[in-house]
Every structure is written in C-alpha cells, then in structure tokens.
Amino acid sequence: MYKSLEELCKIEKEQDIPLWKLVQQDDCRERGISEAQGFEQMRGMYLAMKAADENYDVKLKSASGLVGAEGGKMKDARQQGKLLCGDFIGKVMEKALKTSESNACMKRIVAAPTAGSCGVVPAVFLSLQEEKAYPEDKMVEALYVAAGIGGVIASRAFLAGAAGGCQAEIGSASAMAAGGVVYLLGGNAEEIANAAALALKNLLGLACDPVAGLVEVPCVKRNVMGAVNALTSADLTMAGIFSRIPPDEVIDAMRSIGRSMSEDIRETGKGGLAGTPTGIAIRERMAKLTEN
C-alpha cells in the first residue's frame with residue numbers, strides 16, 4: 001500500500017501510468033489476484049453502491065426511529081424545484097441521505113471507507129455518472145482513485161471515528177470522493193491529491209459524537225455535507241486553486257488533531273451533540289427500550 005500521495009504523484013509522472021492503475025496494480029499484487037479479477041471486484045462494489053440507492057425504501061425507519069424517509073423528502077423537494085442548490089447538488093444530497101439512511105436501517109451498503117461515511121462516495125459518483133454519462137468502467141477507475149486516497153489516509157492516520165473523530169470518517173470519505181471527481185474531470189495525480197487535501201482540510205477537527213451511540217444522528221446529515229464538500233473541492237482544483245499545505249501534511253495534521261481529541265468526541269457517545277440535554281434524553285429513552 002502506498003504511504004504518501006506525493007509518491008503516487010511522482011510515479012505517475014515518471015512512469016506515465018495513471019493513478020488509478022498504480023492503485024490497482026498495488027492492490028492486486030498485495031492480494032495475489034489478477035488485474036482483471038481486481039477490476040471486476042471493484043465493479044461489484046460500484047454496482048452495490050448503485051443497488052443501495054435504487055433499493056432505498058422511503059417507508060423504512062431505523063429501529064430507533066431517529067432516521068428514515070428523509071432521502072424521499074429531499075427527492076420530492078428537488079423534483080419540485082424548491083432547492084436553492086439546484087437539481088444536481090440536490091441529487092447528490094438526496095443520494096447521500098438515501099445510502100446513509102439505508103445503513104442505519106441495516107440494509108446493504110458499501111463501507112467507503114466506513115459504514116458511517118457510506119453515503120459520500122456513492123452520492124457523488126452516482127450523481128456525476130447520471131449527469132455526465134460516464135461509462136461504468138470509468139466509474140470503476142474513479143473508485144480505484146478513491147480507494148488509493150483512502151489507503152494513504154489509513155496508512156498515515158486513521159479512518160475510524162473512535163480513533164480520530166468524524167474527520168477520519170466523513171473527512172476521509174470526502175477526500176476520496178473529491179479525488180475521484182477530479183480524475184473523472186481529466187485531472188492528473190497532482191490535481192487529484194490537491195482536491196483530496198482541500199476536502200480534508202475543510203473537515204479537520206470534526207467531532208464524532210453519535211447520539212445514543214448510534215450511527216444515525218448527526219451521522220446521516222454529515223454524509224450530505226461531506227458529499228457537497230467533495231464537489232466544491234474538486235471545482236476549486238479544476239479552477240487552478242491549490243492548497244498551501246501539501247496533501248500528505250494535511251493527512252498528518254488530521255492524525256495529530258485526532259490524537260489530541262478528548263475521548264468524549266471520538267465515537268463514545270458522551271460529548272458533543274450526544275452530550276446535549278436532548279442527546280442525553282434520547283440515549284436514556286433508547287436504554288429503556290433496550291431493557292424492555
């Protein structure tokens with residue numbers, strides 16, 4: 001596994017091999033499978049993301065009753081032309097809600113990179129494919145790009161909210177999606193890495209404070225924020241706007257911030273929103289339901 005985005009950028013330039021292919025080759029070597037096998041396995045993940053979106057059940061609620069049906073509400077608002085952000089961003093928001101709600105409702109999703117951040121990459125990629133009509137193979141390549149970014153983050157920092165707060169989950173997912181978008185828009189490795197850096201920078205310090213310890217509130221709505229952040233980071237990059245802090249240093253900063261966080265805001269369900277009067281009341285109500 002590559003341990004730096006700088007290394008990936010250097011190899012792409014020196015060997016004239018696209019970033020997605022470098023990630024694929026490394027993955028296949030590590031797992032002892034052919035590139036064709038690896039590509040089809042990644043295609044399966046992309047199709048599973050599509051299925052999660054297509055099989056969304058607007059009538060389904062999570063066991064806690066805290067989330068559900070909001071993807072349908074966003075779809076209705078989008079179709080009625082009520083959204084200031086417009087149809088495309090509305091579609092991204094809708095799909096982020098649908099996938100992350102499906103996770104809370106125990107339906108099949110793809111952890112990208114975690115279950116709590118499962119809505120970000122699918123929302124961005126599926127919406128962009130619908131908007132631009134990219135072929136499926138191109139989307140699979142973009143998923144390799146996203147996976148490569150996630151791999152570097154995992155190597156240099158962490159992906160779990162329990163280790164580094166929600167910056168490690170939604171932040172990483174947003175960085176992965178941003179890099180994939182730039183690839184689809186024709187960007188090179190340096191531009192891909194820059195988009196990832198911009199996306200992650202925007203979410204540094206984000207607490208992981210799930211109410212009642214459930215991956216529902218505020219997790220579902222944070223998927224929306226991570227998806228939209230990925231798109232703005234990609235647009236900034238394609239406009240020629242670059243991070244003053246190198247991508248790998250941004251990842252290292254995320255690691256440092258995560259280590260300095262109180263455990264109360266690292267997925268324990270103690271602090272942040274989970275520690276508000278309403279958050280505590282929900283936790284107590286859920287505890288009583290469990291007892292009964």
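Numerical summary
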{"item": "Any hit, region 51-63, residues being modelled with pLDDT under 95, among the small types (Gly, Ala, Ser), surrounded by fewer than 19 Cβ atoms within 10 Å (Cβ to Cβ) and assigned to a loop (DSSP other than H, G, I, E, B)", "result": "yes"}
{"item": "Which listed residue, of Gly226, Gly258, is touching a Ser or Thr at 6+ places or on another chain (Cβ under 6 Å) and part of a helix (DSSP H, G or I)", "result": "Gly226"}
{"item": "Count - residues of region 64-89 that are assigned to a helix (DSSP H, G or I) and surrounded by fewer than 17 Cβ atoms within 10 Å (Cβ to Cβ)", "result": "7"}
{"item": "Test: Thr237 is surrounded by fewer than 19 Cβ atoms within 10 Å (Cβ to Cβ) and of a type in the set (Ser, Thr, Tyr)", "result": "no"}
{"item": "Enumeration of residues in region 115-150 that are surrounded by fewer than 21 Cβ atoms within 10 Å (Cβ to Cβ) and part of a loop (DSSP other than H, G, I, E, B)", "result": "Ala115, Ala133, Tyr134, Pro135"}
{"item": "Hits in region 7-32 - residues which are over 20 Å from Leu185 (Cα atoms), surrounded by 14 or more Cβ atoms within 10 Å (Cβ to Cβ) and among the polar types (S, T, N, Q)", "result": "Gln25"}
{"item": "Selection from region 173-196 of residues that are touching a residue at least 60 places away in the same chain (Cβ under 8 Å) and in a helix (DSSP H, G or I)", "result": "Ala173, Met176, Tyr183, Ala189, Glu190, Ile192, Ala193, Ala196"}
{"item": "Candidates Asn194, Asn202 - the one that is of a type in the set (S, T, N, Q), surrounded by fewer than 24 Cβ atoms within 10 Å (Cβ to Cβ) and out of contact with any Lys or Arg (no Cβ under 8 Å at 6 or more places or on another chain)", "result": "Asn202"}
{"item": "Verdict on Ala227 being free of Cβ contacts under 8 Å to residues at least 12 places away in the same chain and out of contact with any Pro (no Cβ under 6 Å at 6 or more places or on another chain)", "result": "no"}
{"item": "Test for Glu7: is it in a helix (DSSP H, G or I), closer than 18 Å to Ala195 by Cβ and acidic (Asp, Glu)", "result": "yes"}
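Residues are listed down the side, and each one gets a yes or a no for (1) touching a residue at least 12 places away in the same chain (Cβ under 8 Å); (2) not acidic (Asp, Glu):
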| position | (1), (2) |
| --- | --- |
| Ser62 | yes, yes |
| Lys82 | no, yes |
| Asp87 | no, no |
| Glu101 | yes, no |
| Ala112 | yes, yes |
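The values are calculated or read from the model by the stated rules, or taken from the named source; none is laboratory data. All figures in this text were calculated on a predicted structure; none of them were measured in a lab. Cβ coordinates were reconstructed from backbone atoms using ideal geometry, including for glycine residues, and neighbour counts include every protein chain displayed.
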